[in-house]
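Encoded as structure tokens, the structure appears first; notes follow it.
The values are calculated or read from the model by the stated rules, or taken from the named source; none is laboratory data. Note that this is a predicted model, so its numbers are computed, not measured. Please note: Cβ atoms are built from the backbone with ideal geometry, for glycine as well, and neighbour counts cover all protein chains shown. Keep in mind that these areas ignore ligands, DNA and RNA; they rest on the heavy atoms of the full protein, side chains included. Shrake-Rupley method; radii C 1.70, N 1.55, O 1.52, S 1.80 Å.
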Amino acid sequence: MIISAVLSLLMLGALGIGIVARRRSPAVATALVLVSALGLVFVWTPDALTHIANRVGVGRGTDLVLYLWTAISFLVMAALAVQLRHLHAKLTEVVRRLALMQARQDHPLPFDSTDGRS
Amino acid sequence: MHGESESQIDSGTGVDAGIGAIGLDAISGAWVVMPAFNEGQPIRAVVEQVRLVFPRVVVVDDGSSDDTAAQARAAGADVVVHPVNLGQGAALQTGFDWALSRGAEWVITLDSDGQHDPADARALLARALRQGWDVGLGSRFLGQTEGMPTSRRWLLKAALQFQNVTTGLRLTDVHNGLRVLSRRALQRLRIRQNRMAHASEIVSLIADSGLKVGEGPVTIRYTAYSLAKGQSALGAVHILFDLLMARLSR
């Protein structure tokens, strides 16, 4: 009972976070909402989980949870990796622009030069 | 689809005609781009050496924690400073942007640790102008290698095979920091790989672009200083990973 209550609270918390964060990172939020919703259901109906597991050829409900957890974790990490790369690209553009702006101040072009020769 | 390219295999020693053969126009329209990270110790001497051949030099200080920028400025280079370290690829692209904004007709890339000889760069530029190339790539295997460790040689040969197979070009060297690129080439290329995979990216962009590319011999001086900073087998794995990730997220 206590475990079920604690897990339910955790699942509800995760569900809440997933809903709140849905705009910021849709892929991760969706995964979170799905997983926590399912988790919430199965905490209270463990036999249903085992039944489903048997249908797909897995011995125990907990084994099924483990396999699904692994698959979902991998997908979430892949999504995060892609996001990280995009962030890196944006950071690079900002740093480059800053660097070039500063350099234009440090190395102003001579006013009387028309073709860059000095 | 791979662009047309020619690999000029030449058994020369890298010594070529002097400034007269290139013409002052080409020299004044040429900018040397040197990415640098914590090279405060060698960079002043290196830049001074380079400026004897090419007066227009931009050093991109990639977030160094030492006095790289000050030393480069003292040697007479333009200095562009990245406030944080992004990687050699990013530093090169920043340098390209600077050089183009200053009207460069040709950009020469050189390492900041003294591995490259600016005379080789001049010879390569002369060759590119003569042959009508858009890009000239330095090849240590056409030239000389002083003090190259055997393990490094094997790693490079393996990487070279990988590059030739994946790009369709028949080059003789890989990840050589000495290159000459025309304004036309720079307008077609944009380096997106911030870190060491940029060297592979440049070659594959060239292969896909239809630009005319050739090679020339260059000498690489391996010193204890430069070896300590060079590519390791683990670095190679990292590069492959970066290239794969780029392909997947396209």
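Collect the residues in segment A:65-113 that are more than 34 Å from the chain's Cα centre (by Cα) and charged (D, E, K, R), keeping them in residue-number order.
Across segment A:65-113, the qualifying residues are A:R104, A:D106, A:D112.
Just to verify a result, which residue in segment B:25-53, among those that are closer than 20 Å to B:R183 by Cα and open to solvent by 30 Å² or more (accessible area, probe 1.4 Å), is nearest to the other protein chains (Cβ to nearest Cβ)?
Filtering segment B:25-53 for residues that are closer than 20 Å to B:R183 by Cα and open to solvent by 30 Å² or more (accessible area, probe 1.4 Å), the one nearest to the other protein chains (Cβ to nearest Cβ) comes out as B:S28.
As an exercise: evaluate B:V165 against (1) buried (at least 21 other Cβ atoms within 10 Å of the Cβ); (2) at pLDDT 90 or above and give the number of the one condition it does not meet.
B:V165 satisfies every listed condition except (1).
Just a yes or no: is a residue in segment B:209-219 more than 16 Å from B:I108 (Cα to Cα) and either free of Cβ contacts under 8 Å to residues at least 60 places away in the same chain or among the hydrophobic types (A, V, I, L, M, F, W, C) (or both)?
yes
Please find, within segment B:136-152, the residue that is nearest to B:I108 (Cα to Cα) out of those that are open to solvent by less than 60 Å² (accessible area, probe 1.4 Å) and assigned to a loop (DSSP other than H, G, I, E, B).
Restricting attention to segment B:136-152, the residues satisfying the condition of being open to solvent by less than 60 Å² (accessible area, probe 1.4 Å) are B:136-143, B:145, B:147-149, B:152.
Then keep just the ones that are assigned to a loop (DSSP other than H, G, I, E, B); that gives B:140-143, B:147-149.
Numbers: B:R140: 16, B:F141: 19, B:L142: 19, B:G143: 18, B:G147: 24, B:M148: 24, B:P149: 27 Å.
Checking each candidate, the answer is B:R140.
Looking at (1) surrounded by fewer than 16 Cβ atoms within 10 Å (Cβ to Cβ); (2) part of a helix (DSSP H, G or I), find the lone condition where A:L15 falls short.
(1)
Within segment B:193-250, how many residues are surrounded by fewer than 16 Cβ atoms within 10 Å (Cβ to Cβ) and aromatic (F, W, Y)?
Looking only at that region, the number is 2.
Can you tell me which residue in segment B:97-108 is nearest to B:L178 (Cα to Cα), limited to those that are part of a helix (DSSP H, G or I) and more than 10 Å from chain A (Cβ to nearest Cβ)? Spell out how you get there, then give the answer.
Initial filter on segment B:97-108 (part of a helix (DSSP H, G or I)): B:97-101.
Still in the list and also more than 10 Å from chain A (Cβ to nearest Cβ): B:99-100.
On the way: B:A99: 16, B:L100: 18 Å.
Within segment B:97-108, the match that is nearest to B:L178 (Cα to Cα) is B:A99.
Show the residue pairs meeting these rules: Cβ distance below 8 Å; 6+ apart or different chains; first residue within segment B:48-76 and farther than 20 Å from B:A26 by Cα; second residue open to solvent by less than 10 Å² (accessible area, probe 1.4 Å) and among the charged types (D, E, K, R).
B:T68/B:D61; B:A69/B:D61; B:A72/B:D61
Within segment B:54-96, which residues are away from chain A (no Cβ under 13 Å), part of a helix (DSSP H, G or I) and surrounded by fewer than 20 Cβ atoms within 10 Å (Cβ to Cβ)? Walk me through it before giving the result.
So in segment B:54-96, the residues away from chain A (no Cβ under 13 Å) come out as B:54, B:65-68, B:71, B:74-75.
Remaining after also requiring part of a helix (DSSP H, G or I): B:68, B:71, B:74.
B:A74, the sole residue that qualifies.
Of the residues B:L160, B:L155, B:L171, B:L181, only one is within 23 Å of B:Q115 (Cβ to Cβ) and open to solvent by 30 Å² or more (accessible area, probe 1.4 Å); which?
Numbers: B:L160 fails: open to solvent by 30 Å² or more (accessible area, probe 1.4 Å); B:L171 fails: open to solvent by 30 Å² or more (accessible area, probe 1.4 Å); B:L181 fails: open to solvent by 30 Å² or more (accessible area, probe 1.4 Å).
After ruling out the rest, the residue left standing is B:L155.
Of A:V43, A:V6, which residue is over 27 Å from A:L84 (Cβ atoms), modelled with pLDDT of 90 or more and assigned to a helix (DSSP H, G or I)? Outline the logic, then answer.
On the way: A:V43 fails: modelled with pLDDT of 90 or more.
Step by step, each of A:V43, A:V6 is checked, and only A:V6 is over 27 Å from A:L84 (Cβ atoms), modelled with pLDDT of 90 or more and assigned to a helix (DSSP H, G or I).
For segment A:64-103, give me the residue count where each residue is under 30 Å from B:V57 (Cβ atoms), of a type in the set (S, T, N, Q) and more than 10 Å from chain B (Cβ to nearest Cβ).
Let us first name the residues in segment A:64-103 that are under 30 Å from B:V57 (Cβ atoms), namely A:88-103.
Keeping just the survivors that are of a type in the set (S, T, N, Q) gives A:92, A:102.
Going one step further and asking which of them are more than 10 Å from chain B (Cβ to nearest Cβ), we end up with none.
Summing the residues that are under 30 Å from B:V57 (Cβ atoms), of a type in the set (S, T, N, Q) and more than 10 Å from chain B (Cβ to nearest Cβ) in segment A:64-103 gives 0.
Tell me, please, whether a residue that is away from every other protein chain (no Cβ under 14 Å), surrounded by fewer than 12 Cβ atoms within 10 Å (Cβ to Cβ), farther than 30 Å from B:L24 by Cβ and at pLDDT 85 or above can be found in segment A:25-39. If you could, list the steps in order and put the result at the bottom.
Restricting attention to segment A:25-39, the residues satisfying the condition of being away from every other protein chain (no Cβ under 14 Å) are A:25-26, A:28-39.
Those still in the list that are surrounded by fewer than 12 Cβ atoms within 10 Å (Cβ to Cβ) too: A:26.
Checking the rest, the ones that are also farther than 30 Å from B:L24 by Cβ come to A:26.
Filter again for at pLDDT 85 or above, leaving A:26.
Yes, there is a match, as at least one residue in segment A:25-39 is away from every other protein chain (no Cβ under 14 Å), surrounded by fewer than 12 Cβ atoms within 10 Å (Cβ to Cβ), farther than 30 Å from B:L24 by Cβ and at pLDDT 85 or above.
Can you work out which of the residues in segment A:46-67 that are in a helix (DSSP H, G or I) and of a type in the set (D, E, K, R) is least open to solvent (accessible area, probe 1.4 Å)?
A:D63
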